[in-house]
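Just so it is clear, none of the values below were taken in a lab; they were calculated from the coordinates. Keep in mind the model is a prediction, meaning the values are calculated, not measured. Cβ coordinates were reconstructed from backbone atoms using ideal geometry, including for glycine residues, and neighbour counts include every protein chain displayed.
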Amino acid sequence: MNTPTNETGKWTSRLKQNTLRLGYWTAAWVVSMALAAFGPTFIWQSDTLPNLLAILVNLGFGIGWIIANKHNLRGLDEMQQKIQLEATALSLSVGVVAGLSYELLEDAHLIGFQPEISHLVLLMSLSYAFGLFTGNRRYR
């Protein structure tokens, strides 16, 4: 017979497993990104085959991270799913609007430098974190 406490314990255990799995995939993706970004300069001197392999490995880990993230989201309760959805929507919206405006600034020669994707990733990360923070405060 399943007691409510037993079911809660199973849910907590699954949530912990999903979070750990997501953490492992995130770490693997970040390490493979660093390898693909810095390997040509510091390890294999821009050889084509190692570059291609590093990028394919990074892509594979990225796909694994996406699947683990989706699995993790499905394991959350409805309120946490709502918070995640709202934070993700904010991050995507900010990224699209700011990214396109950033490119237009460069096209119109209103900025004297080339737009970098890292600036956009940082902005999207900050807006996602802001969305999580405000969502968790709102639904406390």
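With N residues in the chain, what two-decimal value do you get for its Cα radius of gyration over 2.2 N^0.38 Å?
Numbers: Rg = 19.6 Å, N = 140, 2.2 N^0.38 = 14.4 Å.
Working it through for the chain, the quotient is 1.36.
Taking every alpha-carbon pair in the range 1-75 and binning the separations at 5 Å intervals from zero gives 3, 17, 17, 14, 12, 10, 9, 6, 5, 3, 2, 1, 0 percent.
Compute the relative contact order of the range 15-107 as a whole-number percentage, counting only Cα pairs closer than 8 Å that sit 6 or more residues apart in sequence. Numbers along the way, then the final one.
Working: 46 pairs, mean separation 30.6, N = 93.
33 percent.
When all alpha-carbon pairs of the range 77-140 are counted, what percent fall beyond 16 Å? Roughly 51 percent, once rounded to a whole number. For the range 40-54, the Karplus equation 6.51 cos²θ - 1.76 cosθ + 1.60, evaluated at θ = phi - 60°, returns couplings of x, 7, 9, 10, 10, 6, 6, 5, 4, 4, x, 4, 4, 4, 4 Hz by residue, with Gly and Pro reported as x.
Rounded to the nearest whole Hz, the Karplus-based 3J(HN,Hα) values (6.51 cos²θ - 1.76 cosθ + 1.60, θ = phi - 60°) of the range 92-102 follow the sequence 4, 4, 4, x, 5, 5, 5, x, 5, 5, 4, with x at glycine and proline.
So which chymotrypsin sites (Phe, Trp or Tyr not before Pro) in the range 70-139 pass both tests, a DSSP loop state and at most 10 other Cβ atoms within 10 Å of the Cβ? Don't skip to the answer; put the middle values down first.
Values: sites: Y102, F113, Y128, F130, F133, Y139; in loops: F113, Y139.
Counting only loop positions with at most 10 other Cβ atoms within 10 Å, the chymotrypsin sites (Phe, Trp or Tyr not before Pro) in the range 70-139 are F113.
Phi-derived couplings, Karplus 6.51 cos²θ - 1.76 cosθ + 1.60 at θ = phi - 60°, listed residue by residue for the range 28-39: 4, 5, 5, 5, 5, 5, 5, 5, 5, 7, 9, x Hz, with x used for Gly and Pro.
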